[in-house]
1. Taking the condition outside the structural domain of S99 (by TED's automatic domain parsing) and part of a loop (DSSP other than H, G, I, E, B), does G159 pass?
2. In segment 55-87, how many are in contact (Cβ under 8 Å) with a residue 60 or more places away in the chain and basic (K, R)?
3. Could you tell me how many of the residues in segment 82-103 are under 17 Å from R170 (Cα atoms) and under 12 Å from the mean Cα position of the chain (by Cα)?
4. Suppose the filter is aliphatic (A, V, I, L, M) and without any contact (Cβ under 8 Å) to a residue 60 or more places away in the chain; does V52 pass it?
5. Filter segment 147-165 for residues that are over 11 Å from the mean Cα position of the chain (by Cα), buried (at least 17 other Cβ atoms within 10 Å of the Cβ) and in contact (Cβ under 8 Å) with a residue 40 or more places away in the chain and give the result.
6. Quick check: anything in segment 242-249 loosely packed, with under 15 Cβ neighbours inside 10 Å and either of a type in the set (K, R) or at pLDDT 95 or above (or both)?
Amino acid sequence: MSPDFILFAQHGWADNHQTMLALAQKLATETTMVIAPRLNYALTWLRLAPLVETVDRLATQAIADNPEVPLRIMGHSMGGLIWLEVLSRHPDWWPRVHSLVLLAVPVGGAHLARLIDPLGLGVGIAADLGRNHRPTAIPIVATIKTLILAGDIDGGSDGTITIESTKIPRAQFSVLEGLSHPVLRYHPRVIEMIRGFWAGDHLGFAPTHPLIEYLRQVPGMTDAHYRGFKHSVVYRTEQDGVSMRRWRHPLGLDHIFVASPQGDCLYGGYVGWLHRRCLARALVAL
């Protein structure tokens, strides 16, 4: 009997395949082919490219062996970044992809990784985890039905990555209160939401605005935690009532926020010392 789907489930950094395999098995039907590659633990600390090569090779073989079977793809954290890179290599696969699910994936760049490698010198996996992958993700999400699930345990992050870093325009998006970064690999609420998404439930999109997209293009801009929002002051207000707010962290990090007319935070980002002038020039140009 031919599989109804091939379900790829990819684990992330400093992890093995067991939890993502268990998640996939709970979501699979009796005829689903589940593929959950186990990556070399030591290699997950080094660079992304060899990991992408491994997943690409395994996926290419499975897809070639089952040429008519649609695909479902899930990735947790770095596993989601790996699959974005794989999909960017194979646009011919996109029509076959039923859906893409990204669980706690730092698409905009993990702020902890950027703190480890602030100059982008290539310090192990931090160089890849800290990079902005949205330019790769945006055309994929524009074609493939995508769900993003983010956790929130402290009003702005899952304890490992910021909520802001998970957002991609045009992807369905939901924040799960009280769920930490590792818990998003197996929690029953995650299973329920993925099942609903596959069944056709629509969960809404992350907030977007031209100001947000403009600020994301500023060199050195890093997706921020929302905790600084309450300290910020209004810098300018648009005709639609959306405002831009600023705050400088005690360590000298310049934060910029975008707020709704009702005063809710829609976006948060910051630049470090090296890119302070880039932000200043962008605000003058604006």
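The values are calculated or read from the model by the stated rules, or taken from the named source; none is laboratory data. Just so we're clear, the structure is a prediction, and the values are computed from it rather than from any experiment. As a convention, Cβ positions derive from the backbone with ideal geometry for all residues, glycine included, and neighbour counts pool all protein chains shown.
1. Working: outside the structural domain of S99 (by TED's automatic domain parsing): no; part of a loop (DSSP other than H, G, I, E, B): yes.
In short, no.
2. So the answer is 1.
3. Total satisfying the criteria: 5.
4. Values: aliphatic (A, V, I, L, M): yes; without any contact (Cβ under 8 Å) to a residue 60 or more places away in the chain: yes.
Criteria met by V52.
5. Just the residues of segment 147-165 that are over 11 Å from the mean Cα position of the chain (by Cα), to begin with: 151-160.
If we keep only those that are buried (at least 17 other Cβ atoms within 10 Å of the Cβ) as well, we get 151-152, 156-158, 160.
Residues satisfying the conditions are G151, G156, S157, D158, T160.
6. Taking segment 242-249 as the starting set, the residues that turn out to be loosely packed, with under 15 Cβ neighbours inside 10 Å are 248-249.
From what's left, either of a type in the set (K, R) or at pLDDT 95 or above (or both): 248.
The answer is yes; a qualifying residue exists.
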